[in-house]
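J.: Attaching a single structure in structure tokens format; questions to follow.
The values are calculated or read from the model by the stated rules, or taken from the named source; none is laboratory data. On a predicted model such as this, the values are computed, not experimentally measured, just so you know. Cβ sites come from the backbone with ideal geometry, for glycine too, and all protein chains shown count toward neighbours.
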Amino acid sequence: MLTDLTIAQAAEGLRKKEFSAVELTKAHTDAVEALNGRVNAYITVTSDQALEAARKADSTLAAGGAPALTGIPLGIKDVFCTNGVRTTAASKIIGNFVPPYESTVTAKLLENGAIFLGKTNLDEFAMGSGNLTSAFGGVENPWHRKDDASVLVPGGSSGGSAAAVAAHMAMGATGTDTGGSIRQPAAYCGIVGLKPTYGRCSRWGTIAFASSLDQAGPMTRSVEDAAIMLSAMAGHDPKDSTCSTEAVPDYRAACGRSLKGLRVGIPAEYRAPGMSEEILAVWQRGIDMLREAGCEIVDVSLPHTKYGLATYYIIAPAECSSNLARYDGVRFGERAEGATSLDDLYEKTRHNGFGEEVRRRILMGTYVLSAGYYDAYYLKAQKVRTLIQRDFTQAFEKVDVLLTPTAPTAAFARDEKPEDPVQMYLNDIFTVPASMAGQPAMSVPVALDNKGLPLGLQLIGKHFDEETIIAVGSALEKTAGFTARPDLRAGVSA
Ligand code: GLN
């Protein structure tokens with residue numbers, strides 16, 4: 001089946017004329033049509049545009065010299081502005097926004113020949129870990145526990161992208177990661193998710209959550225595919241002053257590189273209390289696999305890890321409260337009816353337009369930035385962030401890459417959602433520190449737990465050394481031989 005192929009395989013098949021871009025795209029638009037009613041991975045489906053683009057891709061391929069992603073159908077997280085295609089951030093407040101421009105990342109993918117199947121679902125404004133806060137409804141994880149029909153969450157916030165890729169409703173997808181939103185849903189859905197170094201991909205045209213943390217990256221079914229997508233997405237952009245000018249390597253070339261002599265750090269602090277034995281066992285298996293591949297395993301310490309979550313949940317809401325101030329009912333999005341004054345207009349618009357979690361974060365952020373609390377919370381958090389960054393710098397003097405679990409649990413059921421929002425925030429415990437320090441990090445699926453759900457391991461690299469995490473990730477992927485597939489996917493009736 002065409003939907004079973006990886007991006008690398010499909011790119012080869014297209015060039016060998018085994019099938020056309022139209023056929024490949026049609027197989028995916030059919031899969032989206034068949035499954036989206038249940039999975040709800042896409043907020044907006046653009047099948048007609050996709051097929052139109054596929055016809056053009058076939059001409060480009062026929063002419064020869066087509067770029068890597070020509071004719072490859074992808075899902076795009078609904079925070080990337082796409083010219084003429086509704087972009088909602090899964091929020092009511094901009095639920096009808098049609099951008100008149102293209103984000104840099106999606107423009108680069110289009111230049112590389114990619115085809116967009118639609119805009120994928122997420123937690124509202126990318127705030128969340130379970131895809132439970134979307135104004136367009138939750139996403140169903142295509143995986144289920146053995147002998148248990150409970151609907152599981154796909155993780156968040158890029159849960160629509162992760163579910164689409166896992167259910168073979170896209171060959172790959174873009175995600176954004178502020179504190180774990182690419183890696184955690186990748187782990188929950190049994191796929192690969194790569195958060196590049198902060199500044200590797202341009203943020204221009206991507207709806208902002210927390211600007212000092214937000215980073216776009218690929219979500220795919222293989223490490224090689226993530227490498228192919230990242231090469232197309234990354235690169236300097238004068239429109240984003242935090243976007244790096246470093247040259248973009250051919251990431252794919254790093255796959256299969258020898259790991260002999262590579263030093264892999266195992267941070268003691270990631271052995272969180274109460275962590276499941278199964279996750280610890282999978283982590284140990286990963287360590288053993290890398291040792292066998294010729295790596296030297298080194299114990300390291302990241303002593304400020306324990307402050308990661310607390311500081312993240314000050315800094316991210318602070319930045320979000322500032323970024324989301326623009327949605328005031330005047331220039332963007334939905335405007336409340338019947339306001340009697342300007343303040344009333346702001347209040348009504350923002351109350352009606354934002355969901356509960358977004359409102360909570362705006363309130364927290366406004367509080368920690370307010371006079372009198374700024375020093376006690378925001379400034380203090382910035383200082384702790386520097387200490388977290390220093391931990392990584394010191395660890396990377398001794399090792400080339402770090403190996404940790406991606407998340408403290410496997411996917412949980414929708415109705416097991418914790419009532420206490422702080423419990424929900426614990427999902428990010430292993431992903432947040434790398435975000436705070438701007439390190440590149442990737443989740444690779446390695447095993448199933450005893451209930452049949454995927455578990456992922458996280459590789460964290462040095463700044464702008466995505467190549468090492470890709471090299472180690474592809475070795476881990478090969479040795480782990482993770483071939484399990486979810487029961488709900490294109491071509492399979494569940
Ligand atoms: N789950 C985290 C949060 O809710 C991370 C979200 C993200 O990375 N966008 O903030």
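J.: For residue 246, state whether it is of a type outside the set (A, V, I, L, M, F, W, C), free of Cβ contacts under 8 Å to residues at least 40 places away in the same chain and touching a His at 6+ places or on another chain (Cβ under 9 Å).
T.: In short, no.
J.: Any chance you could count how many residues in segment 277-333 are closer than 14 Å to residue 436 by Cβ and of a type in the set (A, V, I, L, M)?
T.: 7
J.: Could you check, for segment 336-354, whether at least one of its residues is at pLDDT 95 or above, of a type in the set (Lys, Arg) and either in contact with a helix residue (DSSP H, G or I) (Cβ under 9 Å, 6 or more places away or on another chain) or farther than 30 Å from residue 388 by Cβ (or both)?
T.: Looking through segment 336-354, at least one residue is at pLDDT 95 or above, of a type in the set (Lys, Arg) and either in contact with a helix residue (DSSP H, G or I) (Cβ under 9 Å, 6 or more places away or on another chain) or farther than 30 Å from residue 388 by Cβ (or both).
J.: Follow-up question, since we're still on this one. Farther than 30 Å from residue 94 by Cα, under 26 Å from the mean Cα position of the chain (by Cα), at pLDDT 95 or above and part of a strand (DSSP E or B): does that describe residue 282?
T.: Judged against the criteria, residue 282 is not a match.
J.: Does segment 107-132 hold any residues that are assigned to a loop (DSSP other than H, G, I, E, B) and buried (at least 24 other Cβ atoms within 10 Å of the Cβ), and which are they?
T.: Correct list: 114, 121, 122, 123, 127, 128, 129, 130, 131.
J.: In segment 263-279, which residues are closer than 19 Å to residue 453 by Cβ, of a type outside the set (A, V, I, L, M) and part of a loop (DSSP other than H, G, I, E, B)?
T.: Across segment 263-279, the qualifying residues are 274, 276.
J.: Quick one: what pairs do we get from segment 421-433, first residue farther than 16 Å from residue 357 by Cα and of a type in the set (Ser, Thr, Tyr), second more than 9 Å from the ligand (Cβ to nearest atom) and not in a helix (DSSP H, G or I), C-beta under 9 Å, 6+ apart or different chains?
T.: Matching pairs, first to second residue: 431/406; 431/407; 431/441; 431/443; 431/458.
J.: Any residue that is under 18 Å from residue 457 (Cα atoms), more than 9 Å from the ligand (Cβ to nearest atom) and surrounded by 24 or more Cβ atoms within 10 Å (Cβ to Cβ) - is there at least one of those in segment 206-218?
T.: Yes, there is a match, as at least one residue in segment 206-218 is under 18 Å from residue 457 (Cα atoms), more than 9 Å from the ligand (Cβ to nearest atom) and surrounded by 24 or more Cβ atoms within 10 Å (Cβ to Cβ).
J.: Test residue 408 against the stated conditions and say whether it is touching a Ser or Thr at 6+ places or on another chain (Cβ under 8 Å) and assigned to a helix (DSSP H, G or I).
T.: Against the criterion (touching a Ser or Thr at 6+ places or on another chain (Cβ under 8 Å) and assigned to a helix (DSSP H, G or I)), residue 408 does not qualify.
J.: Separate question: Identify, by number, the condition in (1) within 16 Å of the ligand (Cβ to nearest atom); (2) under 24 Å from the mean Cα position of the chain (by Cα); (3) surrounded by fewer than 16 Cβ atoms within 10 Å (Cβ to Cβ) that residue 361 doesn't meet.
T.: Just one mismatch for residue 361, condition (3).
J.: Out of all the residues in segment 137-187, which are more than 16 Å from the ligand (Cβ to nearest atom), of a type in the set (Gly, Ala, Ser), in contact (Cβ under 8 Å) with a residue 40 or more places away in the chain and assigned to a loop (DSSP other than H, G, I, E, B)?
T.: 137, 150, 167, 170, listed by residue number.
J.: Quick test for you: out of 447, 471, pick the one residue that is surrounded by 18 or more Cβ atoms within 10 Å (Cβ to Cβ) and within 17 Å of residue 276 (Cβ to Cβ).
T.: Sole residue among the options that is surrounded by 18 or more Cβ atoms within 10 Å (Cβ to Cβ) and within 17 Å of residue 276 (Cβ to Cβ): 447.
J.: Of everything in segment 405-459, what is closer than 15 Å to residue 308 by Cα, within 13 Å of the ligand (Cβ to nearest atom) and under 16 Å from the mean Cα position of the chain (by Cα)? Give them in sequence order.
T.: 406, 407, 427, 428, 429, 430, 431, 432, 433, 434, 435, 436
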